[in-house]
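Take a look at the structure below.
The values are calculated or read from the model by the stated rules, or taken from the named source; none is laboratory data. Keep in mind it's a predicted model, so treat the numbers as computed, not measured. Quick reminder, even Gly has a Cβ in these numbers, built from the backbone with ideal geometry, and neighbours come from all protein chains shown. All accessible areas refer to the heavy atoms of the entire protein, side chains included, with ligands and DNA or RNA removed. Shrake-Rupley method; radii C 1.70, N 1.55, O 1.52, S 1.80 Å.
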Amino acid sequence: MRIGNREFDLNNRCYIMGILNVTPDSFSDGGKFREIDDALFQVEKMLAEGMDILDIGGESTRPGHTKISDQEEIERVVPVIEKVKAGFDVPISLDTYKPAVAKAGIQTGADLINDIWGLRYDSRMADVIAEAGVCCCLMHNRQEAVYGSLITDVIDDLRESVRLAKAAGIEDDKIILDPGIGFGKDREQNLEMIARLDELHALGYPLLLGCSRKSVIGLTLDLPVEERLEGTLVTTAVGVLKGCSFVRVHDVKENMRAVRMAEAVRRYQAKTPVVG
């Protein structure tokens with residue numbers, strides 16, 4: 001897969017997507033990177049630690065978040081995209097579900113649109129992505145955590161997102177899928193989803209896993225946001241062993257090390273003959 005000016009080897013590597021929230025109210029780091037200089041310093045730090053893709057978000061999507069206007073979101077993300085493009089050589093993902101924001105971000109230099117509603121919030125989003133020829137990450141989401149059969153329903157929902165993408169003309173090699181940990185799922189459903197990630201390979205697209213500091217970790221370990229690193233690292237290792245191509249994280253250095261270790265184990269796992 002080519003994202004921006006970089007080729008990604010999806011068969012042999014898992015890549016780090018670093019999170020940059022330019023918001024006042026994100027659940028983990030709200031307000032820390034609203035100033036341009038602070039944001040650019042964080043980008044430089046994450047690149048030095050091993051980040052492969054930068055994911056910029058201008059509206060918090062935490063539970064109970066306050067929705068903002070398209071224009072306010074554009075005013076938050078566009079200046080950051082401009083500065084990052086001017087100062088760093090890194091593919092940029094824009095975390096938005098709004099077509100107007102996506103269009104403005106793409107015009108400024110975004111290489112990938114990361115849509116938490118998998119093209120199902122606004123039918124125009126698929127057309128914006130297709131016309132620009134950029135990549136997209138389509139995340140699973142639901143208004144309520146109600147399922148007949150969790151994995152079957154998630155696969156069906158993601159299949160519908162893929163259908164919308166292909167109907168608009170988005171090519172297969174520009175699609176990534178995300179199971180949506182923390183979105184439209186309770187703790188038990190999130191844990192089941194993580195445990196059964198490999199079943200999503202039936203859809204035939206690379207997978208991105210985003211568990212970093214999320215409530216499934218906090219609820220499982222009874223820990224606040226600032227103490228969820230170890231839990232995040234476990235989910236990252238599981239993601240690699242389950243064949244994910246990308247992990248979206250806040251703590252790049254630590255997760256990069258977890259990825260490399262899990263990749264080493266996975267290489268030997270593939271070499272080990274099945275006995276019996």
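Suppose we filter the range 215-262 for residues that are within 23 Å of residue 61 (Cα to Cα) and aliphatic (A, V, I, L, M); how many remain?
Within the range 215-262, residues that are within 23 Å of residue 61 (Cα to Cα) and aliphatic (A, V, I, L, M) number 11.
In the list 236, 220, 232, which residue meets the criterion of being closer than 18 Å to residue 198 by Cβ and either surrounded by fewer than 21 Cβ atoms within 10 Å (Cβ to Cβ) or of a type in the set (Val, Ile, Thr) (or both)?
Details: 220 fails: closer than 18 Å to residue 198 by Cβ; 232 fails: closer than 18 Å to residue 198 by Cβ.
Just one listed residue meets the conditions, 236.
Can you go through 233, 208, 219, 200 and tell me which one is of a type outside the set (D, E, K, R), within 21 Å of residue 113 (Cβ to Cβ) and in a helix (DSSP H, G or I)?
Values: 233 fails: within 21 Å of residue 113 (Cβ to Cβ); 208 fails: in a helix (DSSP H, G or I); 219 fails: within 21 Å of residue 113 (Cβ to Cβ).
Exactly one residue qualifies, and that residue is 200.
Go through (1) among the acidic types (Asp, Glu); (2) buried (at least 18 other Cβ atoms within 10 Å of the Cβ); (3) in contact with a Phe, Trp or Tyr (Cβ under 9 Å, 6 or more places away or on another chain) and name the single condition residue 157 misses.
(3)
So which of 173, 186 ends up being within 30 Å of residue 220 (Cβ to Cβ), open to solvent by 50 Å² or more (accessible area, probe 1.4 Å), out of contact with any Ser or Thr (no Cβ under 6 Å at 6 or more places or on another chain) and touching a residue at least 24 places away in the same chain (Cβ under 8 Å)?
Working: 173 fails: within 30 Å of residue 220 (Cβ to Cβ).
After applying the criteria, what remains is 186.
Could you give me the residue pairs with C-beta distances under 8 Å whose first residue belongs to the range 255-268 and is of a type in the set (Val, Ile, Thr), whose second residue is surrounded by 13 or more Cβ atoms within 10 Å (Cβ to Cβ) wherever it lies, and which are 6+ apart or on separate chains?
Within 8 Å, the pairs are 259/14; 259/16; 259/236; 259/237; 259/240; 259/247; 265/241.
Can you tell me which residues in the range 69-82 are surrounded by 16 or more Cβ atoms within 10 Å (Cβ to Cβ) and closer than 18 Å to residue 53 by Cβ?
Result: 77, 80, 81.
State which residue pairs qualify: first residue on the phi > 0 side of the Ramachandran plot and touching a residue at least 60 places away in the same chain (Cβ under 8 Å) and inside the range 202-215, second residue assigned to a loop (DSSP other than H, G, I, E, B) and open to solvent by 50 Å² or more (accessible area, probe 1.4 Å) in any location, beta carbons under 8 Å apart, and separation of 6 or more residues or different chains.
Cβ pairs passing all conditions: 213/27.
Assuming residue 189 fulfils every condition listed in (1) within 17 Å of the chain's Cα centre (by Cα); (2) in a helix (DSSP H, G or I) apart from one, which condition is it?
(1)
Of all residues in the range 123-140, which are assigned to a loop (DSSP other than H, G, I, E, B), modelled with pLDDT of 95 or more and open to solvent by 10 Å² or more (accessible area, probe 1.4 Å)? Give the steps one after another, and end with the answer.
First, pick out the residues of the range 123-140 that are assigned to a loop (DSSP other than H, G, I, E, B): 123, 133-134, 140.
Next cut, modelled with pLDDT of 95 or more only: 133-134, 140.
Within the range 123-140, 133, 134 qualify.
Looking at 109, 148, 118 in this structure, which one is open to solvent by 10 Å² or more (accessible area, probe 1.4 Å) and either under 24 Å from residue 76 (Cα atoms) or in contact (Cβ under 8 Å) with a residue 40 or more places away in the chain (or both)?
Numbers: 148 fails: either under 24 Å from residue 76 (Cα atoms) or in contact (Cβ under 8 Å) with a residue 40 or more places away in the chain (or both); 118 fails: open to solvent by 10 Å² or more (accessible area, probe 1.4 Å).
Step by step, each of 109, 148, 118 is checked, and only 109 is open to solvent by 10 Å² or more (accessible area, probe 1.4 Å) and either under 24 Å from residue 76 (Cα atoms) or in contact (Cβ under 8 Å) with a residue 40 or more places away in the chain (or both).
Of the numbered conditions (1) modelled with pLDDT of 95 or more; (2) under 18 Å from residue 113 (Cβ atoms); (3) not acidic (Asp, Glu), residue 68 satisfies every one except a single condition; which is it?
Looking at each condition in turn, residue 68 falls short on (1).
Given the conditions (1) buried (at least 24 other Cβ atoms within 10 Å of the Cβ); (2) in a helix (DSSP H, G or I), report the number of the one that residue 103 does not fulfil.
The single condition residue 103 does not satisfy is (1).
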